[in-house]
Amino acid sequence: MTDRLASGSARLDAVLGGGVPLNGINLVMGRPGTGKTILAQQYLFHNATTERPGVYLSTVSEPLEKILRYGQSLTFFDGTAVGTRVVYEDLGQRLNGDGLSGVLSRLVQLLRERRPSLMVIDSFKALRVFAPDDGAFRRFLHDLAGHLSATQITSFWVGEYDNAEATEAPEFAVVDAIISLDIEHVADRETRVLQVLKLRGSGFISGKHAYRVSSSGIAVFPRLADHDDGAAYHFSSERISSGVSLLDAMLSEGYWRGASTLVAGPSGSGKTLLALHFVFSGAEVGGPGIFATFQENPVQLERIVQGFSWSLDNPNVELMFRPPVDLYLDEWVYELLELVERTGAQRIAIDSLGDLRMACGDEHRFREYMYSLLQRCARKNVSVMMTQEVTELFGVTRLSEYGISHISDNVVLLQFLRGDSEVKRAITVLKTRGSAHDQRIRQFEITREGLSLGDQFLPEQSLL
């Protein structure tokens, strides 16, 4: 099936393999408040024309006046189009008076008189109670589907169905596509997820996809899952500086361009500072960079960087601050990828992974997203540095609970060590993929110039 109907949202159409089937029957299911009505109207206003209008039919679940009142708050709602290319009609009175036969008669009349290109029935589930028995409702479905199939029209049946009804209700067998909208709860956090349960004769992106509902309609963030398709890409042999010259020496002249680096350590050990060194050192040589943070707002971060003679006004540094409250990992990833495209960023610093992990209720999904993000950056030769806080102040034994150290090209450990009767900071390069590195534990200090490496710890100094 190649003919598709676009939604006006490129990412939603991508999930649907290009769009819903043109001239097909589509069922939009979900609990109240998930955005079913908004999605149906989004399709309507995006595709209806004066010659081939769209018809929106309400039944007995929600008054038409209420649908119109809330519809006017949507940016895609065009008041001048109502009555011409978008027609609203309430079937409630006819349904109460004449039942399903009266509804079917009116639908056939609308098809003949209006010749619509789209038709929405909301709520379709409410029609079922007006059938005297299951047999009568099945006959209604058969007759309705027959009239719709004989006409070049795309229809949307909207209803408050749950997952159990998807295997029992007869309308699910009739439709060509099923789009499920749902709200998942993890602790006190809510995440809206869209899932394609059926798309006749077509492929689609499987799994659950986060989405948000706003005055602009439904914005979908497709599940980020990069499979290894075997396609080769050029991996740069260029080395780039970490921003700390002595650390570059430990790394055999810096990181490979396009490599990913995990910087792990306890709170206050210097992870954020090392990430800032990474971004600003690239900016100094003309390489655009992105500093993505969740804890320090722009005012707080500006105070930090000014203390080291940097500035967020640097045209080669883009700050991407997103508070961890109500954060969608899916949305954040797409915003980051779009920012990379817009700025031509060569370096990305993510501070920190713990905040991203909290935004995702599923550990496997989190690892899948991070793997896919790093793969996309590697193919573009964009270097990524990620910080990860560990809980142990002394004698760090675990780096990451999410397996990120396994998919990182480089791993740098910052830790506090006891030496000469005082706490000192230490740095160790634990891993550099495809490159030699200095494995010694080195002291470092934080000065006004940033991170400054010192000597190797002596044998008599305690490293635990």
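Every number here is computed from the coordinates shown, using simple stated rules; none is lab data. Here the structure is a predicted model, which means the values were calculated and not measured. Glycine gets a Cβ as well: all are built from the backbone with ideal geometry, and neighbour counts include every protein chain shown.
Spin-label pair Ser206-Arg418: with each label point 7 Å from Cα along the Cα-Cβ axis, the two points sit 5.4 nm from one another.
If each DSSP helix of 4+ residues adds -39,500 (n - 2.57) and the sum is divided by the residues in the chain, what number results at 222 nm, nearest 500 deg cm²/dmol? Kindly include the intermediate steps, with their values, before the conclusion.
Numbers: 13 runs with 140 residues, N = 464.
Here the helix-only value at 222 nm equals -9000 deg cm²/dmol.
Segment 129-170 and segment 25-49 have Cα centres separated by 17 Å.
Overall form of segment 4-221: rounded. Here a/c, set by the Cα gyration tensor axes a ≥ b ≥ c, is under 1.5. Projecting the Cα positions of Leu181, Gln443, Ser202 onto the charge dipole of the chain (unit charges on Cβ atoms of Lys, Arg, Asp and Glu, taken about the Cα centre) puts Ser202 furthest along the positive direction. (i) 207; (ii) 169; (iii) 146: which one is volume of the Cα convex hull per residue in Å³ as calculated from this entry? Of the labelled values, this structure produces (ii). Over the chain, Cα pairs under 8 Å with separation of 6+ residues give a relative contact order of 15 percent. Relative to the first principal axis of the alpha-carbon coordinates of the chain, what is the inclination of helix 92-114, with its axis defined by its Cα atoms, in degrees from 0 to 90 and to the nearest 10? Roughly 80 degrees between the two axes.
Note down the relative contact order for segment 4-221 as a percent, whole number, built from C-alpha pairs under 8 angstrom at least six residues apart. The partial results should precede the final answer.
Values: 404 pairs, mean separation 69.2, N = 218.
Computed over segment 4-221, the figure is 32 percent.
Treating r as the C-beta distance of Glu165 and Ser372 and R0 as 41 Å, the FRET efficiency rounds to 0.80. Taking the Cα centre of the chain as origin and assigning +1 to Lys and Arg Cβ atoms and -1 to Asp and Glu Cβ atoms, the resulting dipole is close to 780 debye.
At a threshold of 8 angstrom on Cα-Cα distance, excluding pairs fewer than six apart, so keeping six or more, what relative contact order does segment 239-456 reach in percent? Walk me through the numbers on the way to the answer.
On the way: 420 pairs, mean separation 62.9, N = 218.
Normalised by residue count, the contact order of segment 239-456 is 29 percent.
Provide the packing ranking of 290-300, 370-380, i.e. peptides ordered by the mean count of other C-beta atoms within 10 Å per residue, highest first.
Details: 290-300: 17.3, 370-380: 18.8.
Packing order, densest peptide first, comes out as 370-380, 290-300.
At a Förster radius of 45 Å, what calculated FRET efficiency corresponds to the Cβ-Cβ distance of Thr49 and Arg189, to the nearest 0.05? Provide the component values of the computation, followed by the final result.
Working: r = 41 Å, r/R0 = 0.92.
According to the calculation, E is roughly 0.60.
Annotation for Arg94 and Asp134: the two label points, set 7 Å from Cα along the Cα-Cβ direction, are 2.9 nm apart.
Test of understanding: ordering Met358, Met386 by Cβ neighbours within 10 Å, fewest first, what list do you get?
On the way: Met358 16, Met386 26.
Ranked by crowding around the Cβ, least crowded first: Met358, Met386.
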